Amino acid sequence: MLCQICKSNVATVRYTEVVDGEVAEVNICPECAAKQGKANDFSLSLEVTAVTVPGGTSVPLGATNPAATCPACGHTYQDITKHGRLGCVDCYDTFQEALAPLLEKVHGALQHRGKAPRDKQGQFETYAKLAEWRKLLERAIAEEQYEEAARLRDQIRDLEQSVK
């Protein structure tokens, strides 16, 4: 955007004035701001709330707090983005909200979908089914759907017995 005063330089200063109840926004270059005496009338606040990663995905900084630090290793989300590595396993929980879209973009999923030994494949599927049924059971209990909860409890018990 060009400066609204000189119309030749790039406008990097934006200020808003309220005069007699009317709001006026002005975009000007630093030189015109200095000439107008507006160079010191504004304070510059740079608050970075998100980072755009390759592919155009905007990732928020920190979990719910951009200044959050991992309680185990002391890393911040800025440290992770700067070095490209997490500090420890607890960083996944601390920065889960910020990391989830990034991991999904990079890996295509939030759960590992890699290969497993052929003789163990059925076992992994069984454990995944058990985990899914347990989540459904918790939800049914929370929603007070006790008949559904009882049915799921029985299915889980039967599947656990078959594994043993």
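Here is how the numbers come out for the structure above:
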quantity	calculated
Index of the failed condition, residue 156 passing every other in (1) surrounded by 14 or more Cβ atoms within 10 Å (Cβ to Cβ); (2) free of Cβ contacts under 8 Å to residues at least 12 places away in the same chain	(2)
The range 83-102: number of residues that are closer than 15 Å to residue 68 by Cβ and out of contact with any Cys (no Cβ under 6 Å at 6 or more places or on another chain)	9
Tally, over the range 137-151, of residues that are under 29 Å from the mean Cα position of the chain (by Cα) and either part of a loop (DSSP other than H, G, I, E, B) or surrounded by 15 or more Cβ atoms within 10 Å (Cβ to Cβ) (or both)	3
Residues located in the range 124-159, provided they are polar (S, T, N, Q) and closer than 26 Å to residue 103 by Cα	126
Scan of the range 63-92 for residues that are at pLDDT 75 or above and hydroxyl-bearing (Ser, Thr, Tyr), ordered by number	69, 76, 77, 81, 92
First in the range 8-22 and closer than 15 Å to residue 35 by Cα, second anywhere and among the basic types (Lys, Arg), Cβ under 9 Å, 6 or more apart	13/38; 15/38
Any hit, the range 104-115, residues being in a loop (DSSP other than H, G, I, E, B), in contact with a Gly (Cβ under 7 Å, 6 or more places away or on another chain) and either modelled with pLDDT of 85 or more or not acidic (Asp, Glu) (or both)	no
Qualifying residue in the range 39-62 (condition: at pLDDT 75 or above, part of a loop (DSSP other than H, G, I, E, B) and on the phi > 0 side of the Ramachandran plot)	no
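The values are calculated or read from the model by the stated rules, or taken from the named source; none is laboratory data. Remember, predicted model here, so these are calculated numbers, not experimental data. So basically every Cβ, Gly included, is an ideal-geometry build from the backbone, and we count neighbours across all protein chains shown.
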